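Q: One structure, as structure tokens, below. Some questions next.
Values quoted throughout were computed directly from the atomic coordinates according to the rules given, and no laboratory measurement underlies them. Every value quoted in this text rests on a predicted model; they were computed, and no experiment measured them. Here the Cβ is made from the backbone with ideal geometry for all residues, glycine too, and neighbour counts use every protein chain on show.
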Amino acid sequence: MTTEGGVQYSKIAEIKGPLVVVDDVENAAFDELVEIETNEGERRLGKVLEVGNGKAIVQVFEGTTGLSISGTNAKFVGKVMEMPVSKEVLGRVFDGLGRPKDGLPDPIADKFVDINGEPMNPEQREYPKDFIQTGVSVIDGLMTLVRGQKLPIFSGSGMSHNLLAAQIARQASVVGTQDDFAVVFAAIGVQYSEAEYFRRSLEDSGALKRSVLFLNTADDPAIERIITPRVALTVAEYLAFDLGIHVLVVMTDMTNYAEALREISAAREEVPGRKGYPGYLYTDLSTIYERAGKLQGRKGSVTQVPILSMPSDDITHPIPDLTGYITEGQVVVGRDLFRQGIYPPINILMSLSRLMKDGIGEGSTREDHSEVANQVYDAYSRAQEVRALAGIVGKAGLTEIDLKYMDVGDVFEKEFLSQATDENRTIEETLGILWKIVSQLPKNEITKIKDKFVDQYYKGK
Amino acid sequence: MAPNSTLEKSIDKILKKTEKEILLDLENSSLDSKQTLDNSLPKLEQGFDKIISDGNKEANKIEKQIIGSSELEVRNKQLLLLEEGVDKVFSKALDQIANADRSGDYSNLINTLLDESTKILGVTEVTVFTNAKDKDVVQSALSKFSGAELSSDTIDCLGGVIIKSKDGTMTFDNTIDTRIERLKPLIRKEIASKFGVGN
């Protein structure tokens, strides 16, 4: 931070969507923060997208509604957007641009950090391998989250992904260690009622004191959504790498982020890519997702659970598609299960945590975890096939073993998958239910688990 | 007598048979009940354990809620008090700046501010605005800046200058107020550390 201020320019050439074009600008820098002052003295923030030929294109975060060419001034502040960070941010609620929203003063900053972050040196990255317990059986048991991982949740409109996001934020913890744990929650373009639900949910559960909330509601300017995940991740990185805290960042809904990006891209008249999203959508998303990880010699970690709603439940849509290329697996929320009233309606056959194998087993969860999870995965897959078959030939046409698999499917959905929104299951409880499912099968059907574990945990006859 | 004796024998036989059957039934029922009781005991124990464990979980949850929200409430009150303290220090400091003596080093400060502003704007043809108190100091300092002229309009500020290019397209605010505003987060931190916070 310097004492030098910036020059204010009053020659606005054009206002186009969320962009303001300023004329006769000298010495502006790419990404530089700009204060736009309206006729009435109102101040809005923006950043420089392009400079050259004496012009600067400024993207106004709070929108350009009400701005006019005459009387509007643009002050180039001389620095990029920074977020004040300190341990004090824990337990605080901010808006999408990182300004307090809880009626309390600005946090006393320990330092000011560029919200774009610094890319992690690949050489310094540490491979993620420590388990995070979310208390949600289906995630902990079958698609385990590990510290430093980025595991997105692919959902659809109207489904219960926000309930799941809040539950994970409330319940997540690191087990078997005294290390500190914090949650950074970024709500991007959510409805007011949802934002309030997130806030109340964390407050009522006592989890707010270890959380930081960034709430960008649907009626906030779309352009603010570009900033929200970045300020959230800046705080997360500070907590993780400066203070040594394990941080889980939950971001919902990344689709709204991509929509905002598309809006800016269209206003800049860039050549559109798939479905009108900019061609650099992949690169842009990676600047967010790649901020997850662990660093050698640093105690903390940043784990990301971005949530995105797939338009028309289309998993091939550019947003889930490109997200899937960058992240390490995906948790898919299924429409069929949701319609059956199952919560959380996670379709395990389409879901996967690529780093699960490194975060489970002896010393992390339990030595039989991997095998019992594989067996249940296999059995549920078979149950689905049998259900499809029963739809054609009827139950009477099924063999005794087929019927057993149907039972497995039912027990799986009723006892393992279904969970109350305030039910926090330990990993031991989760593994116990997995064994209950496996125990529905005769022993000779158990092919993926070592005999010693079958002898120890199998409860069937 | 003979027919009666046969009848009695038959009755006795039936009675004995029925008695035997009833006793057997009773014995079976007793065994069944015992079995049922034996079977339900582990279930009962399981149910009991579940109730205790659910109760403990709920108690832990409520404990966390109460402790969490109380800690947060205390911290928030502390933050508000701290801010109140910082604001008081700030307003006292601003009062002192506003009433500071305009002689001596102050003209050097104005010189520096003017020099910095014209360099940043990159033009010498500028109009300078200042407050009523600083007008004389600024006027005398302007002799070193050819092309710069002092506006007859005054501005409301603690001190310092605002410089505007003569075509009106560029402005640079170098008032003390703006400089303080810019540095406010750092000054707040300094003041808070004097209160023993944030060290």
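Q: Only helices at least 27 Å long along their axis, Cα-based, and averaging -0.5 or more on Kyte-Doolittle count here, so list those DSSP H runs from chain A.
A: A:369-393
Q: How much net charge surrounds A:GLY54 when only other residues with a Cβ under 10 Å from its Cβ are counted (Lys, Arg +1; Asp, Glu -1)?
A: Details: positive: A:LYS11, A:LYS55; negative: A:ASP23, A:ASP24, A:GLU26.
The answer is -1.
Q: What is the distance in Å between the Cα centres of the range A:399-442 and the range B:29-48?
A: Centre-to-centre (Cα) distance: 25 Å.
Q: Just list whichever of A:LYS357/A:LYS452; A:LYS436/B:LYS50; A:LYS461/B:LYS34; A:LYS459/B:LYS61 have alpha carbons separated by over 24 Å in the model shown. Walk me through the numbers on the way to the answer.
A: Working: A:LYS357/A:LYS452 20 Å; A:LYS436/B:LYS50 16 Å; A:LYS461/B:LYS34 22 Å; A:LYS459/B:LYS61 31 Å.
Pairs exceeding the cut-off: A:LYS459/B:LYS61.
Q: Suppose every Lys and Arg Cβ carries +1 and every Asp and Glu Cβ carries -1, with no other charges. What dipole size does the range A:339-461 come out with about its Cα centre, to the nearest 20 debye?
A: 260 debye
Q: Continuing with this model, one more query. If you take each beta carbon of peptide A:208-217 and count the beta carbons of other chains within 10 angstrom, what is the mean?
A: On the way: counts 5, 9, 2, 1, 0, 0, 0, 0, 0, 0.
That works out to 2 on average.
Q: Rank B:GLU71, B:GLU149, B:GLU27 by mean-square fluctuation in a GNM of chain B with C-alpha springs under 10 angstrom and give only the top-ranked residue.
A: Most flexible of the set in this elastic network: B:GLU27.
Q: So what's the net charge close to A:PRO119: Lys and Arg +1, Asp and Glu -1, counting the other residues with Cβ under 10 Å from its Cβ? Can you show the working numbers first?
A: On the way: positive: A:ARG291; negative: A:GLU118, A:GLU290.
Within the 10 Å Cβ shell, the charges total -1.
Q: Expressed as a rounded percentage, what relative contact order does the range A:33-172 have, with Cα pairs under 8 Å and six or more residues apart?
A: Averaging sequence separation for qualifying contacts and normalising by length gives 15 percent for the range A:33-172.
Q: Here's another thing I want to ask about it. Expressed as an acute angle from 0 to 90° and rounded to the nearest 10, what is the orientation of the C-alpha long axis of helix B:105-121 relative to the principal long axis of chain B?
A: Roughly 80 degrees between the two axes.
Q: Oh, and also: Using a 10 Å cut-off around each Cβ of peptide B:75-86, what is the average number of partner chain Cβ atoms that fall inside?
A: 3
Q: In the neighborhood of A:SER439, defined by Cβ-to-Cβ distances under 12 Å, what is the net charge if each Lys or Arg adds +1 and each Asp or Glu adds -1?
A: +2
Q: For B:LYS13, give me every one of the aspartates and glutamates with a C-alpha distance below 19 angstrom, ignoring sequence neighbours fewer than eight places off in its own chain.
A: Cross-link targets: B:GLU21, B:ASP25.
Q: Here is a follow-up. I need to check one value: relative contact order of the range B:67-199, counting alpha carbon pairs closer than 8 Å and at least 6 residues apart, in percent. Working shown, then result.
A: Values: 140 pairs, mean separation 30.7, N = 133.
So the answer I get is 23 percent.
Q: Here's a follow-up. Say the cut-off is 30 Å between C-alpha atoms; which of A:LYS101/B:LYS88; B:LYS92/B:LYS119; A:LYS55/B:LYS135 go over it?
A: B:LYS92/B:LYS119; A:LYS55/B:LYS135
Q: Within 10 Å of each Cβ in peptide B:176-184, how many partner chain Cβ atoms are there on average? Round it to a whole number, please.
A: That works out to 2 on average.
Q: Still on this structure: Distance cut-off 23 Å, Cα to Cα: go down the list A:LYS47/A:LYS294; A:LYS111/A:LYS294; A:LYS395/A:LYS448 and report the pairs above it. Each step should come with its number before you reach the end.
A: Values: A:LYS47/A:LYS294 30 Å; A:LYS111/A:LYS294 21 Å; A:LYS395/A:LYS448 27 Å.
The answer is A:LYS47/A:LYS294; A:LYS395/A:LYS448.
Q: Using the charge dipole of the protein assembly as shown (Lys, Arg: +1 at Cβ; Asp, Glu: -1 at Cβ; taken about the Cα centre), state which of B:PHE90, B:ILE110, A:SER309 has its Cα farthest towards the positive end.
A: Most positive-ward Cα: A:SER309.
Q: Moving on to the next point. Between helix B:2-98 and chain B, what is the angle of the helix's C-alpha long axis to the longest principal axis, kept within 0 to 90° and rounded to the nearest 10?
A: That helix lies at roughly 10 degrees to the long axis.
Q: Continuing with the same structure: Only Cα pairs under 8 Å and at least 6 apart count here; give the relative contact order of the range A:8-80 as a rounded whole percent. Don't jump to the answer; show the numbers that get you there.
A: Working: 181 pairs, mean separation 30.6, N = 73.
Result for the range A:8-80 is 42 percent.
Q: Okay, moving on. Just how large is the dipole of the protein assembly as shown about the Cα centre, in debye to the nearest 20, putting +1 at every Lys and Arg Cβ and -1 at every Asp and Glu Cβ? Present the calculation step by step, with values, prior to reporting the outcome.
A: Details: 78 positive and 102 negative charges, 243 e Å.
Using Cβ point charges on Lys, Arg, Asp and Glu, the protein assembly as shown gives about 1160 debye.
Q: Quick one: Cα centre-to-centre distance for the range A:88-111 and the range A:345-359, in angstrom?
A: Value for the Cα centre distance between the two parts: 35 Å.
Q: Continuing with the same structure: What's the angle, to the nearest 10 degrees (0 to 90), between helix B:176-194's Cα axis and the longest principal axis of chain B?
A: Rounded to the nearest ten degrees, it is 50.
Q: Using only C-alpha positions, report the orientation-averaged shadow area of the convex hull of the protein assembly as shown, nm², one decimal.
A: 43.2 nm²
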